[in-house]
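Remarks on the structure that follows.
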Amino acid sequence: MIQTDRTQAPAAHEIASIPMINPVSHLLPNNLPVYELSAGPQEVVKVELVFNAGSAHHSNPLVPAFSIGMLQEGTQRKNAAEIASGIDDFGAFLETSHDKDFSNVTLFTLNRYLPQTLPLIREIITEPVFPEKEWEIMRSNRLEKFIINMGKVSYIAGKRFQELLFAPTPYGAFIDEQSYKSVTRDELVEFWKSHYRLANSTIFLSGHVAGEVRDCVRDVFGKTVPLNPEFEQQLPPLQPKTQVEREQFILKEDAVQSAIRIGRRLFTKTHPDYFGMKILSTILGGYFGSRLMSNIREDKGYTYGIGAGIASLRNDGYFVISTEVGTDVCSKAIAEIYKEIEILQNQPVPEAELHLVKNYLLGNLLKSFDGPMEQMDRFKSAHLFGLDLSFYNSYTDAIKSINSETIRNLARTWLQKDDLIELVVGKK
Amino acid sequence: MINYHRFTLTNGLRVLVHEDPSTPLACINILYDVGARDEDPNRTGFAHLFEHLMFGGSVNIPNYDGPLQEVGGENNAFTNNDITNYYLTLPAENIETGFWLESDRMLSLAFSEKSLEVQRNVVIEEYKQRYLNQPYGDEWLLLHPLAYKVHPYRWATIGKEIAHIEDARMEDVKDFFRRYYHPANAIMVVAGNVTLQQVQELAEKWFASIPSGEKQKRNLPEEPTQKVEQRQTVHRDVPSDALHMVFHMPGRNHPDYHTIDLLSDVLGRGQSSRLYQSMIKESQLFTEINAYVTGNLEPGLFAISGKIKQGIKIEDAEKAVRTELNRIINEPVPEHELEKVKNKAESTHVFGELNILNRAMNLAFGELLGDASMVNKEIERIRAVNVAEIQRCASEILAPENCSILYYLSKS
């Protein structure tokens, strides 16, 4: 028998291309835009209404959040319990969510129960009544959860970091207990009227989208008077940010770990350095073998996890390194983080490592397109930012072609220590 | 419907293959039949620490992660009281790299002192991050020994105490590997854009030469029937009181398991559930509350957990939960309510099948339970549950003497 040589890795194959499905797009009879993506044998469907209305669309970021949460707490014809049953009886799932730019109402259901559940989605969007009792329950329960969360160094750090980066723009609105107490029911109703309107939405369908699904969506959402679609609004102009002290510290006496956030404002997805910074932050801290993980976790054992990445909003973006470390090694960990940045600024990334990261990123991208709902998520991530799927072709090209010199230059341009805010929550 | 093939190598390794040409990916899931329950009571946290060590390099491959990332793959693992499960996903054309990596670390680890030292520290940081540095973090560290006095489920997977992890030595590590990390103690599922023939060839090439090992006889002490209600009160620096009520229930393979699982859904899964409606909406005693089962292979727990609203006494909250439990014991659940939770369970199952790795894990788990085909019988089993069985199980499981109660109180 031929002895297999276990010291030799098997032959590896490069990923040629990522199979991407372009959603079918059309307008309902009332002009509402719908995007559809059908794949896979499982007879399930996800119906997602995205509203151009995130937490940055109100001076109190809790108003959009509470308003969308309250939609399912009562309509003109059904109370909260009846709405919950109306979904649960059919084994379906209803979720409302939001980020700074957008809010969503999402239904997950087996195909065969779409006719029974989808009308309820229209009902909660078009005729919610914001009952006083349910509102007070939601407010006080969420406030109690907020207070619990404010006992966690990681939560405090994540929240504070956003405020430091973006204040006083809507992306950096400050939230405290008073923010919860000051929201009024009237504000929720007003926000619903102005923002959670069908005309301000786009519908995304993914899963097993056959003729019946299409018909159902058309019957439920397409039969109003013709709408003037409002979704493509102009973005508000960028506002100046407050200059803050570079080093920030919030003491938490009983902490056994300190949370560290080091980063800065960056740019949107259309910036020429966007892909480069995505790749750079992967090398620095975007995968298990990254510089930060290899040093601070695998070599020093200071943490259970450390990462770096960039995030994009419609009107801005940021870079952040984040971790929780033992309080006794906090200062050392911070020193190692800056050391790793300096190395990237001074020494070109070795070819072998760069090759590995490129392959890792391509494999990751491949995985992120696997299945109808994943495919639709990728499309949304481009479409909602004014882009299309060619965005991912450009990304693939950037991954394949980037070189060490470019990476080093990006590190020098965007990761200067003076430009980075350093926030520690816990003990130093 | 998850189609699969099954074969066994001469060294005892069980292999399952699920072909799916619609995905560009492939995944390998390897389940080792060892968990926290198999630990020495004076050396707990070991199965989990060992999971970390599996990534520290094997006998022929000094770095596990690098070669996998190189071919566009990623991986992770988890440990619980019952099993340790490793999984990787990668582009299907590079599946052989997965076989190379997994077979080498099944063959033998590198056993480096440096790796042990680092992972000890990492696990200690994990202990702090998850259990000590979070409000309510240590709840389950308390519930395990409260509910179990004899059975190894009496300690949590992370370990009874940090000292056990600090004291782990290389001889212990090597012994653990010899006893549990060999082909006869493992189930491998390969799923995705692969073929049976391809997997058979690769399994033969990479795994067949690994020597078999002795399947350890599991002789765990049985937990005696609980005859008296257990109680514990602790005070912590948290803003709200929390209540946990846990009840003993049969293991995963018991004929009553699905009935009891659905019972927990009727009580406390989702916003239309009884506890949500009565405790959060109507009486407003809780800000959150759930009912769930631990899903352990050996007799596990049925749990009700919630956070008490400010200004409410925990004793009153407990009384209200008791009233709800008595209702479900004494009055048959209406058919439509049972139908509702069955629909939810079926829906969850079907949505779960969208993901290739999920399918692989379910096959591995089914095989461990004795029959991989049970993944395709789940819905049938769920549908077979009836109202009379729910009521019988409710009166057996939710009895006061079967209950362990933790009052987790705010210091302020």
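Phi angles of the range B:320-335 translate, via the Karplus equation with coefficients 6.51, -1.76, 1.60 and θ = phi - 60°, into HN-Hα couplings of 5, 5, 4, 4, 5, 5, 4, 4, 6, 6, 8, 10, x, 5, x, 3 Hz per residue; Gly and Pro are given as x. When we measure straight from the Cα of B:LYS149, which aspartates and glutamates land under 12 angstrom away, once same-chain ones fewer than 8 places off are left out? Once the sequence-local aspartates and glutamates are set aside, what remains near B:LYS149 is B:GLU222, B:GLU223. Each residue of the range B:201-207 was assigned a 3J(HN,Hα) from its phi angle through the Karplus expression (A = 6.51, B = -1.76, C = 1.60, θ = phi - 60°), giving 5, 5, 4, 4, 5, 9, 9 Hz with x at Gly and Pro.
Here the range B:1-128 is treated with +1 on each Lys and Arg Cβ and -1 on each Asp and Glu Cβ, and its dipole about the Cα centre works out to around 240 debye.
Between the alpha-carbon centres of the range B:86-141 and the range A:335-392 there is a gap of 23 Å. Is the shape of chain A best called rounded, prolate or oblate, per the rule: a/c under 1.5 gives rounded, else a/b larger than b/c gives prolate, else oblate, with a ≥ b ≥ c the square roots of the Cα gyration tensor eigenvalues? Because a/c hits 1.5 or more and a/b fails to exceed b/c, chain A counts as oblate. Pairs from the list A:LYS181/A:LYS427; A:LYS159/A:LYS252; A:LYS100/A:LYS417 with a Cα-Cα gap above 19 Å: A:LYS181/A:LYS427; A:LYS100/A:LYS417.
Within the same chain, lysines fewer than 8 places from B:LYS215 are excluded, and of the rest, those with a Cα less than 22 Å from its Cα are B:LYS174. Which entries of B:LYS160/B:LYS377; A:LYS380/B:LYS309; A:LYS78/A:LYS223; A:LYS358/B:LYS160; A:LYS46/B:LYS281 show an alpha-carbon separation above 32 angstrom in the structure shown? With Cα atoms farther than 32 Å apart: B:LYS160/B:LYS377; A:LYS380/B:LYS309; A:LYS358/B:LYS160. In a GNM of chain B with a 10 Å cut-off on Cα contacts, which of B:ARG218, B:ARG327, B:ARG236 has the highest mean-square fluctuation? Looking only at B:ARG218, B:ARG327, B:ARG236, the biggest GNM fluctuation is shown by B:ARG218.
For the range A:24-221, the carbon plus sulfur part of the accessible surface works out to 52%, probe radius 1.4 Å. A Förster radius of 51 Å, combined with the Cβ-Cβ distance separating B:ASN358 from B:GLU401, puts the computed FRET efficiency at roughly 0.85.
The string of couplings for the range B:299-316 from the Karplus curve (6.51, -1.76, 1.60, θ = phi - 60°) is x, x, 10, 9, 10, 10, 10, x, 10, 7, 5, 4, x, 9, 7, 5, 5, 5 Hz, one whole number per residue in order, with x for Gly and Pro.
So which GluC sites (Glu not before Pro) in the range B:171-279 pass both tests, a DSSP loop state and at most 16 other Cβ atoms within 10 Å of the Cβ? The partial results should precede the final answer.
On the way: sites: B:GLU171, B:GLU201, B:GLU204, B:GLU214, B:GLU222, B:GLU229; in loops: B:GLU214, B:GLU222, B:GLU229.
Sites meeting the loop and neighbour criteria: B:GLU214, B:GLU222, B:GLU229.
Within the straight-line cut-off of under 19 Å between alpha carbons, the aspartates and glutamates reachable from A:LYS269 are A:ASP99, A:ASP101, A:GLU232, A:ASP316, A:ASP377, A:ASP388, A:ASP397, sequence neighbours fewer than 8 places apart in one chain being disregarded. For A:ASN31, the shell of other residues with beta-carbons less than 15 Å away shows a net charge of +1, using +1 for Lys and Arg and -1 for Asp and Glu. Fully extending the segment from A:GLU230 to A:VAL244 would add 1.4 nm, taking 0.36 nm per residue of separation and subtracting the current Cα-Cα distance. Considering only A:ASN364, A:ASN30, A:ASN200, the Gaussian network model of chain A with Cα springs below 10 Å gives its largest mean-square fluctuation to A:ASN364. Taken residue by residue and averaged, Cβ atoms of other chains lying within 10 Å of the Cβ of A:110-119 number 1. Provide the per residue accessible area, probe 1.4 Å, for the protein assembly as shown, rounded to a whole number of square angstrom. Ligands and nucleic acids excluded, the figure is 39 Å² per residue.
Could you give the length gained on full extension between B:GLU214 and B:GLU171, defined as 0.36 nm per residue of separation minus the Cα-Cα distance, in nm? Please list the in-between numbers first.
Working: separation 43, 0.36 × 43 = 15.48 nm, distance 1.87 nm.
The B:GLU214-B:GLU171 span can extend by a further 13.6 nm.
Just check the range A:247-426 against the gyration tensor rule for me: Cα atoms, a ≥ b ≥ c as the square roots of the eigenvalues, rounded for a/c under 1.5, and otherwise prolate or oblate depending on whether a/b exceeds b/c.
Taking the square roots of the gyration eigenvalues as a ≥ b ≥ c, the range A:247-426 is prolate.
Between A:ASP397 and A:ILE21, full extension at 0.36 nm per residue minus the direct alpha carbon distance yields a gain of 133.5 nm. Sorted largest first, the principal axis extents computed over the alpha-carbon atoms of the range A:24-221 equal 49, 35, 31 Å.
Size estimate for the protein assembly as shown follows the Kirkwood approach: the inverse of mean 1/r over distinct Cα pairs works out to 28.9 Å. Using a probe radius of 1.4 angstrom, the carbon and sulfur fraction of the accessible surface of chain B is 48%. Remark: accessible area buried at the A-B interface is about 6100 Å², both chains counted, probe radius 1.4 Å.
Count the net charge of all other residues whose Cβ sits under 13 Å from the Cβ of B:ARG130, scoring Lys and Arg as +1 and Asp and Glu as -1.
Numbers: positive: A:LYS152, B:LYS128; negative: A:GLU324, B:GLU125, B:GLU126, B:ASP138, B:GLU139.
Residues close to B:ARG130 contribute a combined charge of -3.
When only alpha carbons are used to place a centre, the range A:286-329 and the range B:185-209 end up 36 Å from one another.
The values are calculated or read from the model by the stated rules, or taken from the named source; none is laboratory data. Fair warning: this is a prediction, and the values are worked out from it, not measured in the lab. Positions of Cβ are generated from backbone atoms using ideal geometry, with glycine treated the same way; all protein chains shown enter the neighbour counts. For the accessible areas, the whole protein counts, side chains as well, though only heavy atoms, and no ligand, DNA or RNA atoms are used. Shrake-Rupley method; radii C 1.70, N 1.55, O 1.52, S 1.80 Å.
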